[in-house]
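Chemist: Below is the structure I would like to discuss, written out as structure tokens.
The values are calculated or read from the model by the stated rules, or taken from the named source; none is laboratory data. Since the model is a prediction, treat every value here as computed from it, not as a measurement. Positions of Cβ are backbone-derived with ideal geometry, glycine not excepted, and every protein chain shown enters the neighbour counts.
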Amino acid sequence: MEDLVLQTVSLLASTVRLAVPLILCALAGLFAERSGVVDIGLEGKMLAGAFAAASVAFWLQSAWAGLAAAMLVSIAFALVHGFACITHRGNQVVAGMALNVLAVGLTAVLAFAWFQEGGKTPALADAARFRPLQLPFAAEIGAVPVIGTIYVRLLSGHNALVYLTAALVPVVAFVVFRTRFGLRLRAVGENPHAVDTAGISVARLRYEAMLASGALCGIAGAYLSTAQSAAFLREMTAGKGFLALAALIFGKWMPIPTLFACLIFAFADALQGRLQGVELPGIGEVPVQALQALPYLLTLLLLAGFVGKANAPRASGIPYSKEK
Amino acid sequence: MSAGARLPRWVDLGLLPLLNLAAAFLLSGLVVLAIGEDPIKALRILVNGAVGYPEAIAFTLYYTTNFILTGLAVALAFHAGLFNIGGEGQAYVAGLGVGLACLYLDFLPGFAVVPIAILAAAAFGAAWAAIPGWLEAYRGSHVVITTIMFNFLAAALMTYLITNWLLDPAHGAPETRRFAGHTTLWTMQEMLGWFGIKAPRSPLNAAFFLALAAAVFVWIYVWHSRAGYRLRTVGSSHKAALYAGIDPARTIVVAMAISGALAGLMAVNEIQGAQARLLLSFTGGYGFVGIAVALMGRNHPVGVCLAALLFGALYQGGAELAFEMRNINREMVIVIQGLIILFCGALENMFRPTLARLFASRGAA
């Protein structure tokens with residue numbers, strides 16, 4: 001019994017850890033897409049953020065400095081995206097793709113030139129990383145069966161960014177659905193002409209959304225390289241930006257359903273990690289590649305099977321021009 | 001608004017793309033400067049490495065072959081309003097088609113196996129692209145996300161097949177045995193040899209002509225066939241297409257299949273032409289280069305071929321550059337690629353208003 005609880009709890013705990021970058025990127029995408037900018041560039045912003053975080057955390061021996069750098073760099077990428085598709089009304093998907101490719105190239109080139117370790121950054125000492133935190137009374141509650149295990153292993157023992165992410169979900173939900181900014185944000189993604197007629201700048205709102213998107217992707221990047229791992233590795237985002245985008249669509253551009261979509265993807269990822277090398281009754285050992293493909297396969301099935309025609313914000317993907 | 005202003009044709013098709021390209025290269029030069037190397041010297045090494053001697057030119061054209069095919073794949077899908085970023089996965093799976101034909105049908109004579117392998121590449125690539133096409137057309141799943149997912153699935157599938165079933169146990173590396181000599185394509189060295197011309201050894205092979213033929217095919221298909229008219233109509237407006245009695249869903253699936261087939265032919269150059277064996281990750285990111293090539297070439301076969309040549313030179317020269325300069329690695333080319341996608345794709349109209357004003361004032365004077 002206690003063993004089963006322990007197994008389940010540790011599976012769920014790794015689900016939480018794997019969900020964090022997905023959730024942050026999905027929230028980033030939520031801001032961008034609600035404002036009418038399709039954000040294919042989540043992946044690139046996160047990757048650039050991961051590299052900035054690992055580099056600065058290494059130089060200054062501070063995880064928080066790394067986080068700040070990641071957010072700044074990711075915001076800079078987001079502003080380039082905005083410059084291309086808000087100011088110059090370029091193709092949003094192409095601009096996002098450009099940032100993704102640019103991030104892959106720039107991080108590899110700079111890492112190689114600065115650290116001479118074949119495209120990765122030097123391993124970070126514990127002091128320069130986000131380390132697991134113990135919630136209060138972990139020792140006392142830990143003694144209680146089941147609840148103790150859940151408290152110590154599932155709720156406690158994560159790093160600061162995990163708790164930050166947990167707090168950000170309701171904050172984003174509140175901002176998007178309960179504030180004046182949120183109302184305007186949603187309006188500009190549905191009908192920018194109405195917003196423009198009301199005397200509010202469409203471009204300004206979309207830029208603000210891109211700033212939020214950049215900041216959140218930056219946190220996601222810092223999480224990858226300074227919390228989950230102890231260095232930046234080449235292309236360490238491994239498609240997570242796209243999984244997040246799929247989760248956002250599956251969650252119908254709503255914060256809470258999107259959160260659950262991210263948790264499903266993360267659960268698939270955690271599960272595949274557990275099943276590697278395990279003999280399944282009746283099936284035998286599943287090839288490791290099939291397991292690794294699981295999150296991607298699940299994304300496809302969910303997108304195709306359950307979402308059907310997703311109702312994206314109506315104006316998303318369309319550059320705004322006053323004349324049309 | 002001046003963004004839509006009409007410019008003289010030579011400005012629109014010549015000057016504007018060149019300005020965008022120049023902006024991309026200027027920024028790339030700044031990156032080189034930032035990592036403490038001399039951009040002028042880097043450019044000289046790059047150009048010499050790309051076209052400075054016969055072997056370099058052969059390597060450049062070999063890369064060009066890949067990029068023409070993946071660029072055409074992206075360009076054709078673009079005309080149907082689809083952004084196919086799955087060329088990488090489509091080419092990878094197409095490699096399986098080539099590999100299976102060359103490994104298991106090599107009891108047949110060359111004139112049978114070679115075309116079968118080429119068709120298998122096209123068919124495997126087409127199938128791998130048609131599924132995301134079908135999902136887009138009938139299930140509303142965005143083709144950008146599904147093709148990316150299919151890239152990851154292709155990587156998993158191919159790693160599994162190669163490491164578990166196809167690899168040659170006598171070999172240390174995860175790759176198949178060498179294909180029998182009569183199943184592979186002629187090398188350029190052989191072909192030039194028939195005319196008594198001595199050429200250096202290089203991976204350049206007959207697939208180069210296949211790529212040029214594919215460019216002609218795309219030109220005829222998109223602009224001079226009924227199917228191409230349907231494709232472009234769907235690309236500009238689903239509503240107009242429906243009104244004209246065209247089935248957009250069907251057209252999307254067909255467009256994706258052809259796009260995938262074109263990307264798949266890249267495997268012919270790599271697997272059947274250059275490598276003569278199936279190996280892990282032979283696609284090397286060339287599928288993604290196709291995006292930059294298509295955007296730079298303005299989705300026209302002639303433009304794609306020219307852009308592919310530029311990227312071929314960049315890849316070959318970039319390899320030389322990474323070898324010569326201590327602080328630069330091969331990924332520098334990916335930076336340039338990203339900047340080209342940015343300036344020739346997303347920011348393609350950045351200089352347009354300025355140019356329009358310039359030409360308007362000159363016209364008035």
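Chemist: Can you report the number of residues in the stretch B:309-342 which are under 18 Å from the mean Cα position of the chain (by Cα) and closer than 14 Å to B:Phe25 by Cβ?
Modeler: Total meeting the criteria: 15.
Chemist: Now a separate question. Hey, any hits in the stretch A:37-45 for a residue that's within 11 Å of chain B (Cβ to nearest Cβ) and β-branched (Val, Ile, Thr)?
Modeler: Within the stretch A:37-45, one or more residues are within 11 Å of chain B (Cβ to nearest Cβ) and β-branched (Val, Ile, Thr).
Chemist: Test each condition in (1) in contact (Cβ under 8 Å) with a residue 60 or more places away in the chain; (2) in a loop (DSSP other than H, G, I, E, B); (3) over 22 Å from A:Val56 (Cα atoms); (4) of a type outside the set (Lys, Arg) for A:Ile150 and report the one that comes out false.
Modeler: With (1) in contact (Cβ under 8 Å) with a residue 60 or more places away in the chain; (2) in a loop (DSSP other than H, G, I, E, B); (3) over 22 Å from A:Val56 (Cα atoms); (4) of a type outside the set (Lys, Arg) applied to A:Ile150, the lone miss is (2).
Chemist: Here are some conditions: (1) hydroxyl-bearing (Ser, Thr, Tyr); (2) assigned to a loop (DSSP other than H, G, I, E, B); (3) modelled with pLDDT under 90. B:Thr354 meets all but one. Which one does it not meet?
Modeler: Single failed check for B:Thr354: (2).
Chemist: If you don't mind, another one. What tally of residues in the stretch B:216-246 results from selecting those that are in contact with a helix residue (DSSP H, G or I) (Cβ under 8 Å, 6 or more places away or on another chain) and part of a loop (DSSP other than H, G, I, E, B)?
Modeler: Looking only at that region, the number is 2.
Chemist: Moving on to the next point. So B:Met256 passes all but one of these: (1) farther than 14 Å from B:Ala73 by Cα; (2) touching a Pro at 6+ places or on another chain (Cβ under 8 Å). Which condition number does it fail?
Modeler: Every listed condition holds for B:Met256 apart from (1).
Chemist: With the requirement that a residue be assigned to a helix (DSSP H, G or I) and either touching a residue at least 12 places away in the same chain (Cβ under 8 Å) or aromatic (Phe, Trp, Tyr) (or both), what does the stretch A:194-208 give you?
Modeler: Residues satisfying the conditions are A:Asp196, A:Val202, A:Ala203, A:Leu205, A:Arg206, A:Tyr207, A:Glu208.
Chemist: Ok, one more. Scan (1) surrounded by 24 or more Cβ atoms within 10 Å (Cβ to Cβ); (2) of a type outside the set (D, E, K, R); (3) away from chain B (no Cβ under 14 Å); (4) closer than 20 Å to A:Ala244 by Cβ for the single condition A:Ala78 breaks and write down its number.
Modeler: (3)
Chemist: Let me ask something additional. Can you go through B:Leu27, B:Leu69 and tell me which one is out of contact with any strand residue (DSSP E or B) (no Cβ under 9 Å at 6 or more places or on another chain) and closer than 19 Å to B:Cys305 by Cβ?
Modeler: Answer to the check: B:Leu69.
Chemist: Only one residue in A:Leu124, A:Leu67, A:Leu27 is farther than 18 Å from A:Gly214 by Cβ and either away from chain B (no Cβ under 12 Å) or in a loop (DSSP other than H, G, I, E, B) (or both), so which one is that?
Modeler: None of the other options fit; the residue is A:Leu124.
Chemist: Might you check whether a residue that is within 30 Å of A:Gly317 (Cα to Cα) and either modelled with pLDDT of 95 or more or within 14 Å of chain A (Cβ to nearest Cβ) (or both) occurs anywhere in the stretch B:154-172?
Modeler: Looking for residues that are within 30 Å of A:Gly317 (Cα to Cα) and either modelled with pLDDT of 95 or more or within 14 Å of chain A (Cβ to nearest Cβ) (or both), one finds at least one in the stretch B:154-172, hence yes.
Chemist: Within the stretch B:46-95, restricting attention to residues that are out of contact with any Leu (no Cβ under 9 Å at 6 or more places or on another chain) and among the polar types (S, T, N, Q), which residue is surrounded by the fewest Cβ atoms within 10 Å (Cβ to Cβ)?
Modeler: If we take residues in the stretch B:46-95 being out of contact with any Leu (no Cβ under 9 Å at 6 or more places or on another chain) and among the polar types (S, T, N, Q), then B:Asn48 is surrounded by the fewest Cβ atoms within 10 Å (Cβ to Cβ).
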